[in-house]
1. What is the residue count in segment 92-116 for residues that are part of a helix (DSSP H, G or I) and under 27 Å from residue 33 (Cβ atoms)?
2. Go through (1) open to solvent by less than 20 Å² (accessible area, probe 1.4 Å); (2) farther than 19 Å from residue 33 by Cβ; (3) at pLDDT 95 or above; (4) part of a strand (DSSP E or B) and name the single condition residue 182 misses.
3. When you go through (1) of a type outside the set (Phe, Trp, Tyr); (2) within 24 Å of residue 206 (Cβ to Cβ); (3) open to solvent by 40 Å² or more (accessible area, probe 1.4 Å) one by one for residue 136, which number turns out not to apply?
4. Name the residues in segment 117-133 that are open to solvent by less than 30 Å² (accessible area, probe 1.4 Å) and in a strand (DSSP E or B), would you?
5. Has segment 156-179 got any residue that is open to solvent by 10 Å² or more (accessible area, probe 1.4 Å) and aromatic (Phe, Trp, Tyr)?
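The values are calculated or read from the model by the stated rules, or taken from the named source; none is laboratory data. These numbers were taken from a predicted model, which means no experiment stands behind them. Virtual Cβ from ideal backbone geometry, glycine too; neighbours counted across all protein chains shown. In case anyone asks, the SASA skips ligands and DNA or RNA and just uses the protein heavy atoms, side chains included. Shrake-Rupley method; radii C 1.70, N 1.55, O 1.52, S 1.80 Å.
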Amino acid sequence: MNRKLWKVFAGMCAIAMSAVWAAPARAQMSEMKEKPPMYSYVGFWNLPRAQWAEMAKSEAADREVLDKAIASGTIVGYGHDVNMVHQPDQPTHDEWWSAMSMAGLLNVLEQFYKSGSTTTPVLESATKHWDAIYVSRHYNWHAGSWKGLYTHGASYKLKADAPNDAVETLSKNLIVPLMEKLLADGTIHEYEVDTEAIHTEAPGTFWVFYIAANAEGLDKVDAALRATLKANPLGGPAFGSMVDFTAHRDYLARTNATYK
């Protein structure tokens with residue numbers, strides 16, 4: 001996995017937050033339309049390796065509920081991830097779906113509770129399980145259904161004295177313009193900048209996720225980050241002054257995903 005990817009990103013963020021803003025960047029920020037919040041529910045499991053094949057069968061069974069929710073407009077996307085870089089006590093698998101309302105998320109969850117799919121033998125074999133609900137105001141995707149994609153995620157923890165609008169400023173001026181270019185050329189199929197909607201962790205953490213179209217897409221994103229850094233040589237200490245890098249973590253998974 002491209003270990004330097006989000007170190008390059010950090011340098012770019014320093015550029016974005018430096019005092020020397022280019023006029024076109026300011027215009028782009030002012031013209032960017034604010035999107036409605038998108039909510040995502042994620043269930044995480046740490047499963048014994050012997051149960052991985054059974055988990056794939058369980059995910060296939062869940063698609064009937066999720067496809068109906070997509071068709072009705074209750075949700076806008078869903079997927080399943082298999083973690084590629086295993087760590088002690090971290091998830092091996094997750095299942096997620098996204099909606100434009102909290103009600104959409106919970107209505108689908110309620111269907112799973114009623115169907116009994118939340119208490120199947122494979123899920124009960126998990127050594128650890130937890131859930132999270134995220135919200136994003138900076139996101140986009142291609143409509144379609146894919147198997148075997150790659151999801152890259154990066155988490156960051158803001159320092160206590162970071163500006164209240166730090167995530168919004170970084171998203172509008174840096175993350176979204178870059179990701180929109182990669183989305184347009186097909187390098188990625190989806191991206192989002194998330195914070196927690198229901199805080200199960202201390203406030204101040206945000207995540208940048210993108211779904212690459214293939215393994216080569218990970219390298220293309222890396223190259224695009226380097227090119228952006230090269231085109232904007234004026235850096236600054238602002239990003240480092242806002243983010244506690246000791247809390248930074250990366251995530252890489254194989255993903256099956258569907259978006260409406």
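1. Kept after step one, since they are part of a helix (DSSP H, G or I), are these residues of segment 92-116: 102-115.
Those left that are additionally under 27 Å from residue 33 (Cβ atoms): 102-105.
Total meeting the criteria: 4.
2. Going through the list (1) open to solvent by less than 20 Å² (accessible area, probe 1.4 Å); (2) farther than 19 Å from residue 33 by Cβ; (3) at pLDDT 95 or above; (4) part of a strand (DSSP E or B), residue 182 breaks only (4).
3. Of everything listed in (1) of a type outside the set (Phe, Trp, Tyr); (2) within 24 Å of residue 206 (Cβ to Cβ); (3) open to solvent by 40 Å² or more (accessible area, probe 1.4 Å), residue 136 misses just condition (3).
4. Of all residues in segment 117-133, those open to solvent by less than 30 Å² (accessible area, probe 1.4 Å) come to 117, 122-123, 126, 132-133.
Those that are open to solvent by less than 30 Å² (accessible area, probe 1.4 Å) and in a strand (DSSP E or B): 132, 133.
5. Quick first cut of segment 156-179, residues open to solvent by 10 Å² or more (accessible area, probe 1.4 Å) only: 157-165, 167-169, 172-174, 176-178.
Still in the list and also aromatic (Phe, Trp, Tyr): none.
There is no residue in segment 156-179 that is open to solvent by 10 Å² or more (accessible area, probe 1.4 Å) and aromatic (Phe, Trp, Tyr).
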